[in-house]
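Below is one structure, written out as C-alpha cells; comments come after it.
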Amino acid sequence: MIKQEEKPTFTDSAKVDNIKKFIMEFKDKSGNYKYLDRIDNLSSSNLMIEIFDLFDFQRKSTNVFEIWEFFMKQTNEAIQLSKRAIKEIYEARFGSKDESLDIEILVDESKLEISVSDAIKDKFVNKLISLQARVSGESEVRVRITKGIWVCKNGHTTEQLEKPSSCPTLNCNHRDLELDKTRSKFEHFRNIYLKDFSNVDHNSDTLICEAQGDLIDSVKVGETVRVTGFISIENNKNKFFNILHLLNIKKVNEISYQITDSEKEIFKEWTSQPSYWDKLISSIAPNIHNSKLMKASFLLAFVGGTRWTKNQRYWINVLVVGDSGTAKSKIAEWGKTVLPDVSWVSSNSGSPKGLFAGQKEQIDGEKILEAGPMITSSGRGMLCIDEFVRSKEIFSIFYSPMETGVFNSATVGGHADLPCETPLYATGNPKKSNKWDENKSILENLDVVERSMLSRFDLIVIAKEEENSKERKSIAKSILDSDDEIKTNSNIIDEVSLVKLLLCAKTFNPTLTQKAKEVIAETFEDIYSKKNSEESEKFAETNYRFVGTMARIILAISKLHFHQETTEEDITLGHSLVKEMYAQRGLNTNLANTYIDRITQLIFEILKESKTSMTDLEIHTALFSKFPEKLDTLRNDIGKEGCSRSKNKRWRSIMDSVEDSVMVEVQQKHPRKLCWLHDQRTLD
Ligand SMILES: [Zn+2]
C-alpha cells in the first residue's frame with residue numbers, strides 16, 4: 001500500500017517563525033528588503049502585505065511551510081500571527097518592548113474574486129477574498145473592549161471582557177466594579193454595508209463588513225469599492241451572519257474603465273468627422289428606431305453640462321412624455337445595461353425616501369442611514385424613473401434637490417446634507433386614454449404635473465406614435481434586429497468604445513463663449529416674446545430657467561466634442577435641439593444669429609433670384625461672387641473645406657437648414673439640386 005503523504009502540521013510559534021522569515025528575507029526586484037524597510041519606516045499603524053509577494057516567496061522557497069496557502073485559506077490566523085511576528089521583529093530591531101505598538105495588517109488583494117451574493121453563503125468562509133461592490137450604508141464608529149481590567153472598591157483587579165457581577169476575590173464580593181480605562185484595551189470599528197452594483201432595489205443581499213484602523217474612514221456611502229478581506233461567521237443578538245473583515249479598500253470608479261492616450265486620440269479624431277453627431281445619437285439604444293430628440297436628450301443628461309458659475313446647476317434633467325407603448329422606458333433600460341452608474345426604477349416600486357436616503361434596518365438589526373440611487377449616483381451617474389408624472393406624492397421630495405443638488409438628510413434622521421447632483425430621466429404617459437392630444441398643452445395632457453415641476457426639467461420631449469406607414473414598418477423591423485446586426489452596423493459606435501468615449505467626454509470642462517451667451521439671450525427673448533400668443537399654454541413653463549437650460553445643453557454638446565470652449569457648431573447644435581423641442585409643441589423659433597442663420601439667409605436670396613435649380617457648388621460660388629463685401633464673414637462661417645457636405649461639417653449644417661425650409665425643394669438627388677418654390681412658372 002502506498003502511504004499517503006501527510007501534510008506537516010505547524011505549531012503557532014513555527015508559523016510565526018515562517019512569517020518572520022518571509023518578512024525578513026523577502027527582497028523586491030531592486031533587491032531591497034521591502035517589508036523590513038516598511039517596518040523601519042512605519043509611519044502609520046498599517047503594514048500592507050502584497051499577496052503576490054507571498055506567492056513569489058513560496059514558489060522560490062524550499063521550505064515546506066506554504067505561506068501563500070496559509071494566507072489564502074486561514075486568513076484570520078495568518079493576520080493574528082503576523083501581528084505577533086511583526087511585534088517580535090520590531091522588538092529585536094529596536095530593543096525596547098513597545099506595548100502600545102498596535103499594527104493593523106493589510107493584504108492588498110486576493111486572486112479569489114467573488115460577489116456579494118457569494119460572500120453571504122458558506123463556501124468562502126475563512127478564505128481571503130476580493131469583491132467589487134457599492135457601499136450602501138455605514139454605521140457610526142463603535143468601540144469594543146478587547147482587554148477589560150475591572151477594579152473593585154478594595155482595589156482588586158479582574159481581567160475579563162464583560163463586567164463581572166461581583167468581585168471574584170475571596171471574601172470581597174464587592175459589586176459595581178469599574179473599568180480601568182487606562183489598562184484596558186479597546187478597538188474602534190465601523191460596519192460598512194455592501195451591495196452588488198446591479199441591484200438598486202432595496203431587497204437585494206447585503207454583506208456586512210467590518211473596518212478597523214485607517215480603513216474606518218476610507219469610504220463613503222455611495223462609492224464603488226473593491227475590498228479584500230476574510231469572512232467569518234459571527235453571532236449578533238442570537239442571529240448568525242457572515243462578516244467580511246476588511247484588509248484593504250480601493251475605490252474603483254476611476255479604474256474600472258481605463259482609457260489609454262491612443263484611444264483618446266482616436267475619439268478626438270472621431271469628434272471632428274462631419275457624421276460624428278448623427279452616429280453618436282444613433283449609437284444610443286440602437287434597437288430603437290429614430291426617436292433622435294429623445295436619444296439626444298438621454299445622451300445630454302448622461303454627460304451633463306459644466307458649472308459656469310458656482311451657483312448654477314450643471315446636470316440636465318429630462319422628461320419624456322407621450323403615447324404609451326413608445327420607446328420612453330426602453331431607452332432607460334438600455335442605459336442601465338450599457339452605461340455605468342445608470343439606475344432605472346419604477347416610481348411606485350419604493351418609498352420616495354428610498355430614492356434619496358432613509359433609516360433602514362440592516363440584516364444585523366442595526367438601523368442606519370442607507371442611501372438610495374439619487375445619492376449614490378451623484379456627480380457621476382443618472383437616475384431614470386418610470387411613470388414619474390403619475391406619482392404626485394414624490395414630487396415634494398424632488399423639488400429642491402432637482403434644482404440644488406442637495407438632499408437634507410435631517411428629514412430622515414441624518415445629520416448632514418447629502419449630495420444628489422444626479423440627472424433625472426423621467427417618463428410619463430398622458431392621463432386620459434393613453435393617447436397624446438396634440439391640441440393640448442403638456443400640462444393638460446399629463447393632468448397632474450404642476451407647472452413648477454415641469455420647469456425643473458431642461459428638456460421635455462414628446463414621444464409620439466409614428467403615423468407614417470413606412471416608418472412604422474421600419475420600427476417593426478428594427479425591433480427584430482439581432483444584436484449581431486447592430487454590432488456590425490458601421491453607422492453605430494460599438495458599446496465599449498461608446499462608454500469609453502462618453503466617460504472621456506465627461507472629463508472636459510468647456511467654457512461658455514461670449515458668442516454662446518448672445519445666442520442664448522436672443523433665443524430666450526424669441527421664445528419668451530411668443531408667450532403672449534394664443535398657443536402660449538403650450539410652453540407656459542418657460543421662464544428664466546430656460547437661460548440655464550440652454551447653457552447646459554450647449555456645454556454638454558461641447559463636452560461631447562471634446563472642446564475647451566463652446567464653438568459655433570456646439571451653439572448651433574444646441575440651438576437646433578431646443579428648436580426641435582419647441583417645434584414638437586408647434587412653436588417655431590428663429591435661428592438666432594448663428595452662422596447657419598447668416599449663411600442660410602444669403603442662400604435663400606440666391607435661390608430666390610435663380611432661374612434654375614442649383615447644385616451645392618453653384619450655390620457656394622454664387623455666395624462669394626454675389627456678396628464680395630462679406631468675404632470675411634463667408635470664409636469664417638463656411639470654413640475652408642469648401643462645399644462638400646461629407647467633408648465640411650459647417651456646410652452640411654447650413655445645407656440641412658436650407659433644405660428644412662418649406663420654400664426649398666430638392667429637385668434632383670444626384671447631384672443634389674435645390675430650387676425655390678415661390679413661383680413655379682419661372683423655373684425650367
Ligand atoms: Zn474586591
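The values are calculated or read from the model by the stated rules, or taken from the named source; none is laboratory data. Quick caveat: nothing in here was measured; it's all calculated off a predicted structure. Cβ coordinates were reconstructed from backbone atoms using ideal geometry, including for glycine residues, and neighbour counts include every protein chain displayed.
For region 172-189, the candidate set comprises residues that are more than 9 Å from the ligand (Cβ to nearest atom) and of a type outside the set (D, E, K, R); within that set, the residue that is surrounded by the fewest Cβ atoms within 10 Å (Cβ to Cβ) is THR182. Here THR146 passes the criteria (1) surrounded by fewer than 16 Cβ atoms within 10 Å (Cβ to Cβ); (2) over 30 Å from LYS73 (Cβ atoms); (3) touching a strand residue (DSSP E or B) at 6+ places or on another chain (Cβ under 7 Å); (4) among the hydroxyl-bearing types (Ser, Thr, Tyr) except the one numbered (2). Pick from ALA285, ALA301, ALA296: which is outside any strand (DSSP E or B) and touching a Pro at 6+ places or on another chain (Cβ under 6 Å)? Result of the check over ALA285, ALA301, ALA296: ALA301.
Among the conditions (1) of a type outside the set (Lys, Arg); (2) at pLDDT 90 or above; (3) closer than 17 Å to ARG313 by Cβ; (4) in a loop (DSSP other than H, G, I, E, B), PHE562 misses just one, which is (3).
Pairs are defined by a Cβ separation below 6 Å, a sequence spacing of at least 6 or placement on different chains, a first member in region 392-417 that is assigned by TED's automatic domain parsing to the domain that holds GLY379, and a second member that is in a strand (DSSP E or B) and aliphatic (A, V, I, L, M); the pairs so defined are PHE407/LEU418; SER409/ALA357; SER409/LEU418; VAL412/ALA357; GLY414/LEU369; ASP417/VAL406.
Counting only residues that are within 14 Å of PHE10 (Cα to Cα) and out of contact with any helix residue (DSSP H, G or I) (no Cβ under 9 Å at 6 or more places or on another chain), region 57-73 holds 1 of them.
State yes or no: is ASP637 surrounded by 13 or more Cβ atoms within 10 Å (Cβ to Cβ) and closer than 30 Å to ILE460 by Cα? Here the answer is no, as ASP637 does not meet what is asked.
Taking each residue of region 142-169 that is within 15 Å of the ligand (Cβ to nearest atom) and looking for partners that are hydroxyl-bearing (Ser, Thr, Tyr) with beta-carbon atoms closer than 6 Å, six or more apart or interchain, yields ILE149/THR157; ILE149/SER184; TRP150/THR158; VAL151/THR157; HIS156/THR169; PRO164/THR158; PRO168/THR158. Identify, please: which residue in region 351-369 is outside any strand (DSSP E or B) and more than 21 Å from the chain's Cα centre (by Cα) and is, among those, surrounded by the fewest Cβ atoms within 10 Å (Cβ to Cβ)? Per the stated criteria, the residue is GLY365. Scanning region 279-301 for residues that are surrounded by fewer than 24 Cβ atoms within 10 Å (Cβ to Cβ) and under 16 Å from the mean Cα position of the chain (by Cα) turns up nothing.
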